[in-house]
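The values are calculated or read from the model by the stated rules, or taken from the named source; none is laboratory data. Since this is a predicted model, take the numbers as computed values, not measurements. Every residue, glycine among them, receives a Cβ derived from its backbone with ideal geometry; neighbour counts consider all protein chains shown. In case anyone asks, the SASA skips ligands and DNA or RNA and just uses the protein heavy atoms, side chains included. Shrake-Rupley method; radii C 1.70, N 1.55, O 1.52, S 1.80 Å.
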Amino acid sequence: PEHSGSPVLHAAELGYDEVLGHLLGATGYDFAAAPLTVDRKNFLGQGMPQYEEGGLSPLALAARNSRLSTVKLLLEIPEARSAWLHRTDSFGRDLVEATCERMALTTREAVKEELKQIVGLLCAASGRDGEAALRELVPTTAVATLNERRRMRELRARCLVAERAKEAEAREKGLAEIAKHYVPTHPQLYDATMPLE
């Protein structure tokens, strides 16, 4: 759970449509209570941290990774569309805005084209004008880069706060266990009235 290890999230992120279809088709799958990603810090080679944003639904992961067929699949499922289409990310951006900003950050034309199509699908599903969204919401590369840096600073700060809270909780738990189970071998050493001879 601390790494968002849900098969639905992984399948949506990687574009495993057949697997995702089987997982979401399982009897009793609760779309509204489906797990979301969590803020986390991963270490790459030589201890270089990489931060990943929490609060992303399977639809958001598919859109941000330009998985066009996966976005189509998820939007065709009424429960998925209802649960995930209007969710905002942890920075307050809706799916269309986040996808438009992703488009400004990529340099690969094929990926840009897929992201444009994804914006069109998301807008059509939510009753918005896709062409207008592309005109109004795609920032310049410079603005998108500044926004991304600001979000990464905020994400690093959130991860640091969570890390410190987790350390404090572990420390308190450890001290509670010591207090519960520790029996001094020489209790007289703790007696303040013992003569110092």
(message) Filter the stretch 1-60 down to the residues that are among the β-branched types (Val, Ile, Thr), within 24 Å of Lys166 (Cα to Cα) and in contact with a helix residue (DSSP H, G or I) (Cβ under 8 Å, 6 or more places away or on another chain) and list them by number.
(response) Thr37
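Being farther than 22 Å from Leu155 by Cα and open to solvent by 60 Å² or more (accessible area, probe 1.4 Å), is that true of even one residue in the stretch 95-105?
Of the residues in the stretch 95-105, the ones farther than 22 Å from Leu155 by Cα are none.
No, that holds for no residue.
Select, from Arg156, Arg151, the only residue that is in contact (Cβ under 8 Å) with a residue 60 or more places away in the chain, under 23 Å from Leu59 (Cα atoms) and charged (D, E, K, R). Can you show your working first?
On the way: Arg156 fails: under 23 Å from Leu59 (Cα atoms).
Result: Arg151 is the single residue among Arg156, Arg151 that is in contact (Cβ under 8 Å) with a residue 60 or more places away in the chain, under 23 Å from Leu59 (Cα atoms) and charged (D, E, K, R).
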(message) Residues to consider are Arg81, Arg93; find the one that is charged (D, E, K, R), free of Cβ contacts under 8 Å to residues at least 24 places away in the same chain and on the phi < 0 side of the Ramachandran plot.
(response) Arg93
